[in-house]
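The values are calculated or read from the model by the stated rules, or taken from the named source; none is laboratory data. The structure presented is a predicted model; accordingly, all values stated were derived computationally and were not measured. Here the Cβ is made from the backbone with ideal geometry for all residues, glycine too, and neighbour counts use every protein chain on show. Each accessible area value is taken on the protein alone, full model and side chains, heavy atoms only, with ligands, DNA and RNA left out. Shrake-Rupley method; radii C 1.70, N 1.55, O 1.52, S 1.80 Å.
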Amino acid sequence: MRLQAIVYPASGSVHLCPATVVAENVLSSRKIRRANSCHHDAGFCNTLRLYADQTARIFIDSRRSISPIDRNLFGSFLEHLGRAIYDGIYDPGSKLSDSNGFRKDVMQEIKQLGVPIIRYPGGNFVSGYNWLDGVGPKQDRPRVLDKAWNSMNTNQFGTDEYMAWCKAVGTEPLMGLNLGTGTPEQAAALVEYCNVDRGTKWSDLRRKHGYAEPYKVKHWCLGNEMDGPWQIGHMTATEYGIKAQDAARQMGYVDHSVQLIACGSSGPFMPTYLEWDREVLEQCYDYVDGLSLHRYLGNNGETGGNSSKFVAMNLTMDRQIAETLAVCDLVRGHKRSPKQLWLSFDEWNVWYRARSGDAVDGHRQEAPHLLEEIYNLEDALLVGGMLITLLRNADRVKVACLAQLINVIAPITTNANGLFRQTIYYPYSWALQYARGKVLNVMIEAPTYDVEKMDAVSYIDAIATVTDDGKTSLFILNRDLSKARQIELVWEDKPATHVLVSQVLTGDDLKAANGFDAPERVKPQAFDKPSTTNGRTRFEVPARSYTMIQWDASA
Ligand code: AHR
């Protein structure tokens, strides 16, 4: 263990911003960077000083912001996969469902969470899905073999049911399009079905089905993971880029207001990582608004089961974002385009246990138990870290989806009698509830530990947000698995003193998980409200913890 060696000359000619600290930890062993190499506004980057103690200092200044937060940063995902839709949100035979067949307890939970946008219907599923199978009279809908998950889809739940469900829970749809077996013409037809008021073939079909009002779906994903050999309809980057461009143009003719997301790389593990993104964007940059990224992290393989490394893995997501943005901006330069793309991190989570064999093979059953990952405390800590990463990059990541929402790699698990909250529910719900307004460019000066292939990792990771009416929220991940850590929060402008809420997620056992037998084994606890004196707030965060503190504006 050593102090993060960020040493600055008194001249103040060298500055650092927190994202740079992270990028620096990830990208190289050099610890000193010049202000003009920081991608945030150098004018707002403070000089850090070296303190020869073990206290972690978090410097916060409400004038130093990264970006306003787009609420869609806290979206989620529901795929026709396993028990996400059938048995999850839709279960017409259940005593817990309403007259539409929607599970009332699940709707209540999602409403309460306030999820702003939910991606649907896939995922790998979408690349073989014919949306026409899922609309119209239910008795006429075919029972179709979903080849992505070797499962049977009764099509009793389709586009119109999804729109009704979104309205009922107060969320926006993020619609996925089939660019695998599907054609650009079919993609544009779905836009017409959803968004045109009347008087055209597909809008009139929607009306005939009983839905007079257009849904006005704004965000659309042009396919899913088309770089992956596992994907139905997988193709080369250039082929996909041309197809995405064609689909985007046709969709634009139908509704020019749609926001379109092209498929980026499925992750850094892909041999075509970044090259795929570049080639795709060379074809369709001018026609799209965002590029997608996906990432699933696990405490196996790369970490070898080392939990200290596992809880640092969100830093690899910072790197993935930086690298993908570099490609977007490279292509922007090639094209001399005035437009800057944003990123849609539309699948992210911990996922590594239920990932092979029967956990991914539906054996041609309806609503099979697939990808039913059970999450433990360390997973929740990393999910907290991943949320910190997303917030830290909120200037360019405008949409992100926790994958997924119900039963399938999800924060909520159902059975016939009810539901329980998995450990990862809590950091996600805190972000939804408390991360509001704008993200602040906090600077962190903290002791570090060594992680193989990652260089020095800060024990403390953190981010802060502030609303227009002065509510400041701070999220802190303590990666030290054995020791509590002293925190000194240094308020560089107006100190906040009055704590509104203060909670911590921690425990003795990193592997502890919730279940129907013990639904509250891992849950947030009240955290002593820290006091502020002379512009500094001092407190201790427990070992293995994720903490959230919110202050209001009163002095
Ligand atoms: O979310 C589960 C699967 O993971 C999705 O279907 C696919 O897009 C990704 O590989």
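With an 8 Å cut-off on Cα pairs and a minimum separation of 6 or more residues, tell me the relative contact order of the chain in percent.
19 percent
How far, in degrees from 0 to 90, does helix 237-254 lean away from the longest principal axis of the Cα atoms of the chain, to the nearest 10?
70 degrees
For R141, what accessible area in Å² do you get when you roll a 1.4 Å probe over the heavy atoms of the protein chains, rounding to the nearest 10?
Using a 1.4 Å probe on the heavy atoms, I get roughly 30 Å².
Taking just the C-alpha trace of the range 167-285, give me its Rg and Dmax in Å.
Final numbers for Rg and Dmax: 15.4, 47 Å.
Scale the Cα Rg of the range 348-446 by the rule-of-thumb value 2.2 N^0.38 Å and send over the ratio, two decimals.
1.26
Just add up the charged neighbours of A484: K/R +1, D/E -1, any other residue whose Cβ is under 15 Å from the Cβ of A484.
-1
Counting only heavy atoms of the protein chains, get the accessible area per residue of the chain (1.4 Å probe) and round it to a whole Å² value.
Heavy-atom accessible area per residue stands at 37 Å².
When Lys and Arg each count +1 and Asp and Glu each count -1, what net charge do the other residues less than 13 Å away from A416, Cβ to Cβ, add up to?
With Lys, Arg at +1 and Asp, Glu at -1, the neighbours total 0.
Stokes-Einstein at 37 °C, 0.692 mPa s, Kirkwood radius from Cα pairs: D for the range 281-325 in µm² s⁻¹?
Once the numbers are plugged in, D ends up at 261 µm²/s.
For q = 0.20 Å⁻¹, what log10 I(q)/I(0) does the range 128-221 give under the Debye formula with an equal point scatterer on each alpha carbon and no solvent?
Those come out to -1.08, one per q.
Enumerate by residue number the trypsin sites (Lys or Arg not before Pro) in the range 305-369 meeting two conditions: DSSP loop (anything except H, G, I, E, B), and at most 16 other Cβ atoms within 10 Å of the site's Cβ.
Values: sites: K309, R319, R332, K335, R336, K339, R353, R355, R364; in loops: R336, K339, R353, R355, R364.
Sites meeting the loop and neighbour criteria: R336, K339, R355, R364.
Kirkwood Rh over Cα pairs of the chain into Stokes-Einstein at 25 °C, 0.890 mPa s: D in µm²/s?
In µm²/s, the coefficient is 102.
So, by mean Cβ neighbours within 10 angstrom, what's the order for 404-417, 290-303 with the highest one leading?
So the order, starting with the most tightly packed, is 404-417, 290-303.
Quick one: order Y211, Y253 from most to least accessible surface, probe 1.4 Å.
Order by accessible area, largest first: Y253, Y211.
Using Cα positions and a limit of under 24 Å, work out the lysines in reach of K104, with same-chain residues fewer than 8 apart set aside.
Those lysines meeting the cut-off are K95, K138, K167, K523.
Cβ under 11 Å from V327's Cβ, V327 left aside: what net charge do those residues give with Lys, Arg +1 and Asp, Glu -1?
-4
Hey, which of these cross-link pairs are over 25 Å Cα-Cα: K201/K339; K309/K398; K309/K483; K471/K529?
K201/K339; K309/K398
Per-residue accessible area for L419 at 1.4 Å probe radius, Å² rounded to 10?
50 Å²
Restricting to DSSP H runs of at least four residues, report the calculated mean residue ellipticity at 222 nm for the chain, -39500 (n - 2.57) per run over all residues, nearest 500 deg cm²/dmol.
-7500 deg cm²/dmol
Which percent of the accessible heavy-atom area of the chain goes to carbon and sulfur, probe 1.4 angstrom?
Ligands and nucleic acids excluded, carbon and sulfur reach 50 percent.
Could you tell me the ratio Rg/Rh of the range 489-552? Both radii from Cα atoms, Rh via Kirkwood.
So for the range 489-552, dividing Rg by the Kirkwood Rh gives 1.10.
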